[in-house]
Amino acid sequence: MMENAWIIPLFPLISFIVLLIFGKRLKQYSAVVGLLFVLGSFVYSLLVLFQRFSQPTFKNESTWLTIGDVQLTAGFEINQLNALMLVIVSLVSFLVHLYSIGYMHGDERFHVFYAYLGLFTFAMLGLVISPNLLQTYIFWELVGVGSFLLIGFYFFKEEARAAAKKAFIMTRIGDVGLLIGMILLFWQVGSFEYDEIFAAVEAGAISYEMITLTAILIFVGAIGKSGQFPLHSWLPDAMEGPTPVSALIHAATMVAAGVYLVAATFPLFAASEAALMTVAVVGGFTAIFAASIGLVQKDIKRVLAYSTVSQLGYMMLALGSAGYVAGVFHLMTHAFFKALLFLAAGSVIHAVHNQNIEKMGGLWKKLKITGPLFLIGTLAISGVPLFSGFFSKEEILIVTWAHGNYGLFWIAVIAAFFTAFYMFRLFFMVFGGEYRGDGENRAHESPGVMTVPMMILGILAIFAGYVNTPWFGTFLGDWLTEGTEALGHGHIDGPLWIMIVATLVSAAGILLAYLMYSKKTISRDWLSSRAPIGYSIVYRKYYIDEFYQGTIVYATKVFSLFLKYIDVFLVGGIAKGIASFTSGIGRIGAKVQTGQVQVYGSFAFLGLAILLVIFAITGGYLR
């Protein structure tokens, strides 16, 4: 099966091409085409994963380009990490395809939406099986194109157009760092192949300073794609796309690409403690920074968006603390419970036609399937014991402590408290109390094509964490690190008090949210009334967007105007001057050429007279 794994990305590519050509005729049946092809990818990915459990890594490449002595190759590779990612990406994409049948029903561009989903899924699947940095970069950029199309799907809305452009431009900023890092590695190693780069690092063929520089540059690319500070602000704005897109982008695909890239190049990072610390610090800061913003947001999708930024920060913190398994483990569990939360949020929006949680409430009785499933996702992300998020978060806390990043450990603990609080704030405001929207509460449960994908994700949100725990076995970690010492240990045993602290912190966040938003024994305006300035700063997202607008965007516009005036007046002036000079010479010449024989004879006689004078002065020849 692994020998033909290149087929996996081709399924969604075929669906994209078919829907691009025949989509208008197929109309609502476009969903069937997209669904069947992505199902093919998922089934084949499962078969490849099961085969990889018992067989070694498979790699197949052929020469793509030959430039002098340099040969560039293209192909695919199936190792532990990308075998797992193939299943995660194809499964979540399949469930989003299924869910979208109900959510996007009646949209006049229904077939276009499914075509875009196919293109995006193809790009992500192609990215994870790439065996070298150059091929990764090609699919990396194609993922950006797919996200641009999906985020801007409602292009007739100014907000959607702006969000799509913002996502495309901000991720390109990070991509410049990735491109420079790739070039430097090629300069040092003479190859883009992961295996050759890692072999050169292990052999000491690259200096420590160059390893650090290239690793950080690659991480800059990951910062852009995974929405880490300071290139995070595109990700919440991406909520302007349809909710199934939010689930796809924010769960297992685009934002996971940055984490996947760091994990895929982990031996490079592991060779530089400075690079690891950079990843850990950025990840830890992003985790608490985004979590604090999520505390006060009122749009249901934006709360989940900032939650995604925070959880991605957790993954980077784990990887930066030499916790390869912890980072990948949380990437897997997060893909399931975050996709569940976004799809459940879409079900809520579908029911009440509103995204403002201030105008919701009392939906527990109306949405009898969505409510419990949303609760499962909330319990998982909050790190409640026996749910998947508990095991992966505890793993992150353990590796952070074991690596000696004590300050970042306590930052992660505080971020865990924030996460439990804002997620249950969201839950109580949406499903608890009385309906606060306009008119009568006529919300109704979503159709089966929307609830069934949520049920599948609900099961995974509970049990996916059991594949790597000290209680049920550390199968995932042992398998992920098998045969590669640079990836570290499959599992690190931590002190019991870390698990106790993690549990108590989650319980405290849940209790505080209950007292403020359900029991209402604590005023929900407690913070805003006592610290209105601080509340305003957090609510406005620390004015990061305003800062960028007033500095970078404004400076770019000014510089662009400066270049425009140089082009118009200086360059254009010189060009016009040369043209005018040439035209003037031409006009003078035109006056000389009168067409009259007398004039021509006069000039000829004058020339002859001049020659005779010269001849007389020089004595018969020129000296």
Mind listing just one residue for me: the one in region 217-230 that is assigned to a loop (DSSP other than H, G, I, E, B) and buried (at least 24 other Cβ atoms within 10 Å of the Cβ) and, of those, nearest to the chain's Cα centre (by Cα)?
SER226
Return yes when LEU125 is in contact with a His (Cβ under 7 Å, 6 or more places away or on another chain) and in a helix (DSSP H, G or I) and no when it is not.
no
Could you please let me know if GLY383 is touching a helix residue (DSSP H, G or I) at 6+ places or on another chain (Cβ under 8 Å), assigned to a loop (DSSP other than H, G, I, E, B) and farther than 30 Å from GLU202 by Cβ?
yes
Name every residue in region 455-485 that is over 30 Å from PRO244 (Cβ atoms), touching a residue at least 60 places away in the same chain (Cβ under 8 Å) and open to solvent by 10 Å² or more (accessible area, probe 1.4 Å), in order of residue number.
TRP479, THR481, GLU482, GLY483, THR484
When residues of region 486-502 are filtered for being surrounded by 17 or more Cβ atoms within 10 Å (Cβ to Cβ), β-branched (Val, Ile, Thr) and not in a loop (DSSP other than H, G, I, E, B), how many remain?
2
What number of residues in region 61-95 are in contact (Cβ under 8 Å) with a residue 24 or more places away in the chain and acidic (Asp, Glu)?
2
Would you call ALA351 within 19 Å of GLY437 (Cα to Cα), modelled with pLDDT of 90 or more, assigned to a helix (DSSP H, G or I) and touching a Leu at 6+ places or on another chain (Cβ under 7 Å)?
no
Could you grab me the full set of residues in region 29-50 that are surrounded by fewer than 18 Cβ atoms within 10 Å (Cβ to Cβ) and under 29 Å from the mean Cα position of the chain (by Cα)?
VAL32, LEU36, LEU39, VAL43, LEU46, LEU47, PHE50
May I ask you to verify whether LEU515 is closer than 30 Å to SER233 by Cβ, open to solvent by 40 Å² or more (accessible area, probe 1.4 Å) and more than 32 Å from the chain's Cα centre (by Cα)?
no
Would you call LEU563 closer than 19 Å to ILE414 by Cβ and open to solvent by 50 Å² or more (accessible area, probe 1.4 Å)?
no
Output the number of the condition that LYS365 fails; it satisfies all remaining conditions of (1) in contact (Cβ under 8 Å) with a residue 60 or more places away in the chain; (2) open to solvent by 10 Å² or more (accessible area, probe 1.4 Å); (3) closer than 20 Å to GLY458 by Cα.
(1)
Filter result for the condition that a residue is touching a residue at least 60 places away in the same chain (Cβ under 8 Å), closer than 25 Å to THR243 by Cβ and surrounded by fewer than 24 Cβ atoms within 10 Å (Cβ to Cβ), over LEU134, LEU98
LEU98
Kindly indicate which of LEU312, LEU304, LEU317 is assigned to a helix (DSSP H, G or I), aliphatic (A, V, I, L, M) and farther than 30 Å from PRO131 by Cβ.
LEU304
Selection from region 414-454 of residues that are crowded, with 21+ Cβ neighbours inside 10 Å and under 19 Å from GLY327 (Cα atoms)
ALA415, ALA416, THR419
Filtered residues of region 523-540 (kept if open to solvent by less than 50 Å² (accessible area, probe 1.4 Å) and within 27 Å of LEU235 (Cα to Cα)):
SER528, GLY534, SER536, VAL538
If you go through TYR543, TYR600, the only one that is touching a helix residue (DSSP H, G or I) at 6+ places or on another chain (Cβ under 9 Å), open to solvent by 70 Å² or more (accessible area, probe 1.4 Å) and aromatic (Phe, Trp, Tyr) is TYR543
For LEU91, which of the numbered conditions (1) part of a strand (DSSP E or B); (2) closer than 27 Å to SER347 by Cα fails to hold?
(1)
Please pick out the residue among THR370, THR400 that is touching a residue at least 40 places away in the same chain (Cβ under 8 Å), open to solvent by less than 10 Å² (accessible area, probe 1.4 Å), of a type in the set (Ser, Thr, Tyr) and within 22 Å of VAL449 (Cβ to Cβ).
THR370
Within region 261-295, the residues that are outside any helix (DSSP H, G or I) and more than 21 Å from ALA412 (Cβ to Cβ) are THR265, ALA271, SER272
Show the residue pairs meeting these rules: Cβ distance below 8 Å; 6+ apart or different chains; first residue within region 532-545 and touching a residue at least 24 places away in the same chain (Cβ under 8 Å); second residue surrounded by 14 or more Cβ atoms within 10 Å (Cβ to Cβ) and among the aromatic types (Phe, Trp, Tyr).
TYR542/PHE289
Hey, VAL255 hits all of (1) open to solvent by 10 Å² or more (accessible area, probe 1.4 Å); (2) hydrophobic (A, V, I, L, M, F, W, C); (3) under 15 Å from the mean Cα position of the chain (by Cα) but one; which does it fall short on?
(1)
Report every pair of residues separated by at least 6 positions or lying on different chains whose Cβ atoms are under 7 Å apart, first residue within region 494-505 and under 12 Å from PHE390 (Cβ atoms) and without any contact (Cβ under 8 Å) to a residue 24 or more places away in the chain, second assigned to a helix (DSSP H, G or I) and among the β-branched types (Val, Ile, Thr).
none
Check whether at least one residue in region 287-304 is open to solvent by less than 10 Å² (accessible area, probe 1.4 Å), touching a residue at least 24 places away in the same chain (Cβ under 8 Å) and hydroxyl-bearing (Ser, Thr, Tyr), and report yes or no.
no
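The values are calculated or read from the model by the stated rules, or taken from the named source; none is laboratory data. Given the structure is predicted, the values throughout are model-derived calculations rather than measurements. Don't worry about glycine lacking a Cβ; one is built from the backbone with ideal geometry, like all the others, and counts go over all protein chains shown. Heavy atoms of the whole protein, side chains included, go into the accessibility calculation; ligands, DNA and RNA do not. Shrake-Rupley method; radii C 1.70, N 1.55, O 1.52, S 1.80 Å.
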